[in-house]
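The values are calculated or read from the model by the stated rules, or taken from the named source; none is laboratory data. Just so we're clear, the structure is a prediction, and the values are computed from it rather than from any experiment. Here the Cβ positions follow ideal geometry from the backbone for every residue, glycine too, while neighbour counts run over all protein chains shown. Remember, those area values only see protein heavy atoms, side chains included, never the ligands or the DNA or RNA. Shrake-Rupley method; radii C 1.70, N 1.55, O 1.52, S 1.80 Å.
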Amino acid sequence: MAYATIVGIEVVYAIATLILVSLGLAIIFGMMRVINLAHGEFLVMGGYAATIAVHHGVNVWIAILIVPPIAVGLIGLVVERAVIRFLYGRMVETMLASWGLSLLIVGLLTTIFGSSTEGVPMPLSGFTIGAYQASGYNVFVIAFSLLTLGAVYVLLRFTRLGLLARGTMQNAAMAAALGVDTTKVYAVTFALGAALAGLAGGVLAPVAGIVPTSGGSYIGQAFITVLGGGAAALTGVTSAALLFGSVGQAATFATNPVFGSVALLLAAVVLIRILPNGITGRYFKGWL
Amino acid sequence: MKIAGIRLDLIVPGVCGLALLFGLPIFLDLFSLLQVTLYAIMAILALSLAFIWGYGGILCLGHSAFFGLGAYAYAIAVINIGESTAPFLIAILVPTLAAAAVGYFMFYGRISDVYVGVMTLTLALILFNVVNSTSGAQYHIGKAPIGGYNGLPNVPGLNVPFDPDNSLDPGDMYYLCMGLLIVVYFGLRWLLTTRFGRVAVAIRENEKRVEFIGYDSRLHKLATFTIGGGLAGLAGCLFVNWGAYVSPTTFSMMQSAQVIIWVLVGGVGTLFGPMIGAVALSWLTVEVGSQQLIDANLLFGAILLVFVLLVPRGIMPVLIDRVWGRISLPRRPVFTAPPVAAREGKR
Amino acid sequence: MSGSNVPQPLIEARNLTMRFGGVTAIANVDLSVAEGELRCLIGPNGAGKSTFFKMLTGQVMPSEGEILFRGTRINGFEPHDIARLGIGIKTQVPNVFDGLTVRENLWIAASRRNRGKATERAVARELERLELGSIADRLVGQLAHGQRQWIELGLVLLTEPALILLDEPAAGMTEDETVRTAKLIGIIKQSCALIVVEHDMKFIRMIASRITVFDRGRILVEGEADAVLSDQRVRDVYLGKRAA
Ligand SMILES: Nc1ncnc2c1ncn2[C@@H]1O[C@H](COP(=O)(O)OP(=O)(O)O)[C@@H](O)[C@H]1O
Ligand SMILES: [Mg+2]
C-alpha cells in the first residue's frame, strides 16, 4: 500500500512536471502558432534568476515563484519585439530564428555564469510513508502545477486580457477592426508564455541542477507534449501530459529512466500517426 | 548552361573536384590534409540536408540523429566484427532504416512541415539523452559498450574491403572522403534530373498538385528523407573514422543546428552553397574552439539569427544574382510554405 | 443489369453529404455524369460546389453517401489513387508549381504517363495546344493569372483523365481570355467528360450544356441550359431572393 502510494506520487509528479514544463510553449504555440525553440533556454533562465535571487538573500519561495516569471517574462517581451514580431505567419522562419536565439542564450549564459552547475536549496523536507521516504517538494510541485493550470485557465477564460487574446488569435483582422491593439496582444501573449517557462524553471530549480545547456533536457518532452496535445493549449497539454507521463513513468518503473524517455518518444510517434493534429485536433474541440 | 554543346555546369565542378582531389595532397602537409578530410565529411553531411530540405522541402531539424546513428552503428559494429566492410555498410543501413521508420510515421500520418521539424528535433534530442546516459557496464551491444557521455575511444578504422590487415592511413582517408564527396555531389545532381528527383522538387512546390497528377507524395517524401538519412549516416561513419572516436555530441542539438546553419548560409535550394557553408563554418568552428574569447554557441546563434532575418536566401543565390545581375535563384519562396489546414474531416 | 440499355454513368454521387462540424456543406446530393458529357455546375457562393469537387478528388472524406467512378466505390481513396483512376481537377485557387518553369511544370505531369522522349513530345504538344510556347522557359510564379490558369489546365490534360473537374476556370480572366478558355473547353470535351463550375452566365452560354444548380448544399434544379437559365427559382437564388 505504502509502495503503491509512492508510485502513485511519482506518476502524478511526472505528469505535473510535464504540464509545468510544456505550458509556456503550448500557450505560445496554441495562441500564436509560433514554435519557440528557445523554450528550454527560457526555463534555464528562470532557474538562473532563482539562483541569483537566492544568492542575494531573497526568500527562497520568492526566489523560485516570483522572480523567475517576472524576469523571463520581461526577456520574452524584448525577444518578441526584437525578433519574433518580424516573422509572424512564417512558422519555419520563426522556428529557425528562435533556434538561433536558443544558441545565443546558451552562449550568453556560458559567458556570464561559466559551465559549472548552479542550484537552489530544497525549501521543503521529505516525509515518510510506511517504510518509504517521499519528497515533500514533489508534492508541492504537483499542487503548484495544478494551481498554475487553473490560474491560466481563469486568465484566458474570464479576464479581459484573455478575451482580447483569444479574439485576436481567432481573427486578427477582425479584432483590429474592432479597435484591439493586436500588436500589444501578441507581445503580451508571448511574454506570458515566456513567464510561464521562467516559472517552470524556477519551480524546478531546487530539484534540477542548472547549467547553461540544460534546456535541451526539457524541450524534448515539452515538444512531444505540445505536439501530442494539439492546438488547444490547456486541454491539449493536460491530456497529452496524462498520456505521456503515465507511459514514460510506467516504462521507467519497469526498466529505467533511459527507456522511459524512449517509450515517451515512441508513444508520441504513434500518437502523431493516429492523430496528426494532436489529441485536441480530434477530441475536446473548441476547448481552451 | 551549355556553351558550344558543353555542359559547363557539369564540367566546371567536375574539374575543380578532381583538381582538389589529386592536387591538395601535393600542396598540403598531413595536418592540413586531415583538416580538409574533416571538411569533406561535413560537406557530405551538408549535402544530405541540402537534398531533403532544399529540394525535398522537408524540414529536418534533428539531422544529427542520423549522423549520430551512422557514427555509433559503425563504432559498435566494428568493435564487434573487427573487419570494417560490414560495419561500413551497417553504418549506412541503420540510419537509413531509422529515417524510413520515422519518415513512415511522419509522412503517412501527413503531419505538417513544422511538425516534421519538431518530430525530427525531438528524435535527435532523445537519442542524445539515451546515449548520453548509458554509461554503465550494463549498457553494451555485443562486445561494445555504449559508453555514455564518455563516448567510445579507440574505434578501429576502416580497412581495405575484406582485407583487415590493410587499414587505411590518413592519406587514404583523405582520398576516400574527398572521393565520396564528389560521388555524392554528382549523384544528387543526377538524381535531381530523374523523374523521382523532379517529382520530389515538385512536392516542395505544391504537394497537392503532385497528388492530383497521380504521384504518391507520401512515398516520394519518404524516399527523399530516407536517402538523406542514409547520406548523413555515411558522413557519421566517416567522422568516426576521422577521429577514431565517437561521443554523444554527434547527436547534439549543436550538431543539428550546425548542419541547418551550413545549408541556410550557403543557400537553401542549392547543393554547392551548403558545401561551401559546411567548409567555411567548420573552419570557423575549429578557429573558435582554439580560443576562449567567444563561445561557439553565441557565435552560431548570432549567425543563424542574422541569416534568417537578413539573408534568408543564403550566400550562393545572392552571389549568383550579383554575378549575373538577374533573378535566376531562388526560383521559389525560400522556405517551405506554411502548413495547409490539411484534409479536414479525412482522418 | 445486363438487360438495361442505360449506359453505366462515368461518375455517380449517391446521397452524398459533407458536414464540417455544424456546417452542412453538401446535403444528400445525387448526381451522375455520363462518359463524354459536359456538365455545368452553378450556384451562389457557399453553395458547396468546391466541397463537392473536394469529395470527388479525395481531398475530404464524405460524411455520408458514396461516390462511384465507373462503378468503383472511391470514397476514402487517396487523392493520387483517384487521379490515377482518371479524374483530374483544376482547383478554384490555382495549384501549380510556382518555382518551376512552364516546361518543367508540364514535364512533371507528362511523365506520369510517358517515358523518355515521349515525355518531351507530350510537353511540346501541350505547349502548342495551349499556345504557351513563347513563355515555356519562364517561371510560372511570375506569370499573369490567366496564363497560370491555362498552365494548370495543361497539367490536368497531360494526365489524360476521363473526367476533368474545372472549378471556376474563367474567374479573374479578361474578356478575350474567357473566350479562349471556352474554346479550349470545346476542344477538351471531344476527348473526355467535364464538370465545370462557373458563375459567369455568358461563359456558360458559350459552352452551353446540361446544368445542375446547387443551392445551400442541395440540388435546386437540373436540366438543359436554356430551361435552367430562364427558371425563376434560379434567378431568385442568384439575386439572393430565397424562396421561403
Ligand atoms: N474546411 C471547411 N471547414 C468548415 N466549413 C467549410 C470548409 N470548407 C467549406 N466549408 C463551408 O462549406 C460551405 C460550402 O463551401 P464551398 O464548397 O467552398 O462553396 P462554393 O464553392 O459553392 O462557393 C460554405 O458554407 C463553407 O463555409
Ligand atoms: Mg468554390
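Pairs linking a residue in segment B:114-137 that is surrounded by fewer than 21 Cβ atoms within 10 Å (Cβ to Cβ) to a residue that is assigned to a loop (DSSP other than H, G, I, E, B), with Cβ atoms under 7 Å and 6 or more positions apart or on different chains, are B:Thr134/B:Ile146; B:Ser135/B:Gly147. Restricting attention to segment B:222-265, the residues being farther than 28 Å from A:Ser214 by Cβ, open to solvent by less than 10 Å² (accessible area, probe 1.4 Å) and of a type in the set (Val, Ile, Thr) number 1. Going through segment B:18-33 one residue at a time, which ones are in contact with a helix residue (DSSP H, G or I) (Cβ under 6 Å, 6 or more places away or on another chain) and at pLDDT 90 or above? Scanning segment B:18-33 gives a single hit, B:Leu33. Within segment C:62-74, the only residue that satisfies the criterion of being over 20 Å from C:Arg19 (Cα atoms) and either buried (at least 22 other Cβ atoms within 10 Å of the Cβ) or polar (S, T, N, Q) (or both) is C:Thr72.
Of all residues in segment B:245-288, which are closer than 30 Å to B:Ala144 by Cα and within 14 Å of chain A (Cβ to nearest Cβ)? Once the filter is applied, which keeps residues that are closer than 30 Å to B:Ala144 by Cα and within 14 Å of chain A (Cβ to nearest Cβ), segment B:245-288 yields B:Pro248, B:Thr249, B:Phe251, B:Ser252, B:Met253, B:Met254, B:Gln255, B:Ser256, B:Ala257, B:Gln258, B:Val259. With a requirement of 3 or more residues that are within 26 Å of B:Ala100 (Cβ to Cβ) and under 13 Å from the mean Cα position of the chain (by Cα), the helices (runs of 4 or more DSSP H) lying completely within segment B:191-285 that satisfy it span B:217-243, B:253-266.
Pull up segment C:16-61, narrow it to residues that are on the phi > 0 side of the Ramachandran plot and more than 8 Å from ligand 1 (Cβ to nearest atom), then point me to the one that is most open to solvent (accessible area, probe 1.4 Å).
Our first condition is that a residue be on the phi > 0 side of the Ramachandran plot; within segment C:16-61, this holds for C:21, C:28, C:36, C:43, C:46, C:48, C:58.
Imposing the further condition that a residue be more than 8 Å from ligand 1 (Cβ to nearest atom) reduces the set to C:28, C:36, C:58.
Working: C:Asn28: 77, C:Gly36: 45, C:Gly58: 5 Å².
My answer is C:Asn28.
Counting only helices (runs of 4 or more DSSP H) that sit completely within segment B:31-134, those holding 2 or more residues that are farther than 22 Å from B:Ile260 by Cβ and at the interface with another protein chain (Cβ under 9 Å from one of its Cβ atoms) correspond to B:85-108.
For segment A:90-115, give me each residue that is assigned to a loop (DSSP other than H, G, I, E, B) and either facing chain B (nearest Cβ under 7 Å) or within 12 Å of B:Val308 (Cβ to Cβ) (or both).
Restricting attention to segment A:90-115, the residues satisfying the condition of being assigned to a loop (DSSP other than H, G, I, E, B) are A:90, A:114-115.
The one that is assigned to a loop (DSSP other than H, G, I, E, B) and either facing chain B (nearest Cβ under 7 Å) or within 12 Å of B:Val308 (Cβ to Cβ) (or both): A:Arg90.
For A:Ala222, state whether it is part of a helix (DSSP H, G or I), open to solvent by 10 Å² or more (accessible area, probe 1.4 Å) and either small (Gly, Ala, Ser) or at negative phi (or both). Considered against the rule, which asks whether it is part of a helix (DSSP H, G or I), open to solvent by 10 Å² or more (accessible area, probe 1.4 Å) and either small (Gly, Ala, Ser) or at negative phi (or both), A:Ala222 comes out as no.
For A:Val54, the stated conditions do not hold, so it cannot be described as crowded, with 24+ Cβ neighbours inside 10 Å, touching a helix residue (DSSP H, G or I) at 6+ places or on another chain (Cβ under 6 Å) and part of a helix (DSSP H, G or I).
If you check C:Ser209, C:Ser191, which single one turns out to be more than 14 Å from chain B (Cβ to nearest Cβ), within 15 Å of the chain's Cα centre (by Cα), open to solvent by 10 Å² or more (accessible area, probe 1.4 Å) and more than 23 Å from B:Arg209 (Cα to Cα)?
Numbers: C:Ser191 fails: more than 23 Å from B:Arg209 (Cα to Cα).
From the options C:Ser209, C:Ser191, the qualifying one is C:Ser209.
Is segment A:92-104 home to any residue that is more than 19 Å from B:Val116 (Cα to Cα), open to solvent by less than 10 Å² (accessible area, probe 1.4 Å) and β-branched (Val, Ile, Thr)? No, segment A:92-104 has no match at all. Close contacts from segment C:45-61, counting a first residue that is in a helix (DSSP H, G or I) and a second that is within 8 Å of ligand 2 (Cβ to nearest atom), with Cβ to Cβ under 6 Å and a gap of 6+ residues or different chains, come to C:Lys49/C:Val197; C:Ser50/C:Gln92; C:Ser50/C:Asp167; C:Phe53/C:Asp167. Taking the condition more than 9 Å from chain B (Cβ to nearest Cβ), over 30 Å from C:Leu130 (Cα atoms) and away from ligand 2 (no atom under 16 Å from the Cβ), does C:Ile26 pass? Here the answer is no, as C:Ile26 does not meet what is asked. The one condition from (1) of a type in the set (D, E, K, R); (2) more than 21 Å from the chain's Cα centre (by Cα); (3) more than 9 Å from chain B (Cβ to nearest Cβ) that C:Arg129 does not meet is (2).
Please specify each residue of segment C:75-98 satisfying the condition of being assigned to a loop (DSSP other than H, G, I, E, B), more than 16 Å from ligand 2 (Cβ to nearest atom) and crowded, with 20+ Cβ neighbours inside 10 Å.
Step one: list which residues in segment C:75-98 are assigned to a loop (DSSP other than H, G, I, E, B), which gives C:75-78, C:86, C:91-98.
Subset that is more than 16 Å from ligand 2 (Cβ to nearest atom): C:75-78, C:86, C:96-98.
Scanning segment C:75-98 gives C:Val96, C:Phe97.
Only one entry in A:Ala240, A:Ala233 is open to solvent by less than 40 Å² (accessible area, probe 1.4 Å), within 14 Å of the chain's Cα centre (by Cα), within 30 Å of B:Gly62 (Cβ to Cβ) and away from chain B (no Cβ under 14 Å), namely A:Ala233. The residues of segment B:135-154 that are hydroxyl-bearing (Ser, Thr, Tyr) and assigned to a loop (DSSP other than H, G, I, E, B), listed by number, are B:Ser135, B:Tyr139.
Of the residues making up segment C:162-185, those that are more than 14 Å from ligand 2 (Cβ to nearest atom) and closer than 21 Å to C:Ile11 by Cβ are C:Ala162, C:Leu163, C:Ile164, C:Ile185. Looking across segment C:40-74 at every residue that is away from ligand 2 (no atom under 16 Å from the Cβ) and of a type in the set (D, E, K, R), the one that is nearest to C:Leu10 (Cα to Cα) is identified as C:Arg70. Within segment A:262-288, residues that are touching a residue at least 60 places away in the same chain (Cβ under 8 Å) sit with their Cβ atoms under 6 Å from residues that are surrounded by 19 or more Cβ atoms within 10 Å (Cβ to Cβ), at 6+ positions apart or across chains, in these pairs: A:Leu288/A:Leu156; A:Leu288/A:Leu234.
Working carefully through the options A:Leu20, A:Leu25, find the one that is within 14 Å of chain B (Cβ to nearest Cβ) and part of a helix (DSSP H, G or I). Reasoning before the result, please.
Details: A:Leu20 fails: within 14 Å of chain B (Cβ to nearest Cβ).
Exactly one residue qualifies, and that residue is A:Leu25.
Among the numbered criteria (1) in a helix (DSSP H, G or I); (2) under 30 Å from B:Ile294 (Cα atoms); (3) more than 13 Å from the chain's Cα centre (by Cα), which single criterion is violated by A:Phe42? Checking A:Phe42 against (1) in a helix (DSSP H, G or I); (2) under 30 Å from B:Ile294 (Cα atoms); (3) more than 13 Å from the chain's Cα centre (by Cα), the one that fails is (3). Among the residues of segment B:274-297, those that are open to solvent by less than 40 Å² (accessible area, probe 1.4 Å) and over 13 Å from B:Met42 (Cα atoms) comprise B:Val288, B:Asp295, B:Ala296, B:Asn297. Residues considered: C:Val93, C:Val60. Of these, the only one that is closer than 21 Å to C:Ile185 by Cα and of a type in the set (Val, Ile, Thr) is C:Val93.
Looking only at residues that are over 17 Å from the mean Cα position of the chain (by Cα) and in contact (Cβ under 8 Å) with a residue 60 or more places away in the chain in segment A:171-208, which one is nearest to A:Leu234 (Cα to Cα)?
Here is the first cut: in segment A:171-208, the ones over 17 Å from the mean Cα position of the chain (by Cα) are A:171-187.
In the following step, the residues that additionally are in contact (Cβ under 8 Å) with a residue 60 or more places away in the chain were identified as A:183, A:186-187.
Values: A:Thr183: 23, A:Tyr186: 18, A:Ala187: 20 Å.
Within segment A:171-208, the match that is nearest to A:Leu234 (Cα to Cα) is A:Tyr186.
If you check C:Arg70 against the conditions, is it in contact with a strand residue (DSSP E or B) (Cβ under 6 Å, 6 or more places away or on another chain), more than 11 Å from ligand 1 (Cβ to nearest atom) and not aliphatic (A, V, I, L, M)? When the stated conditions are applied, C:Arg70 does not pass them. In this structure, C:Val156 does not qualify as in contact (Cβ under 8 Å) with a residue 40 or more places away in the chain, within 16 Å of ligand 2 (Cβ to nearest atom), open to solvent by less than 10 Å² (accessible area, probe 1.4 Å) and within 18 Å of C:Leu56 (Cβ to Cβ).
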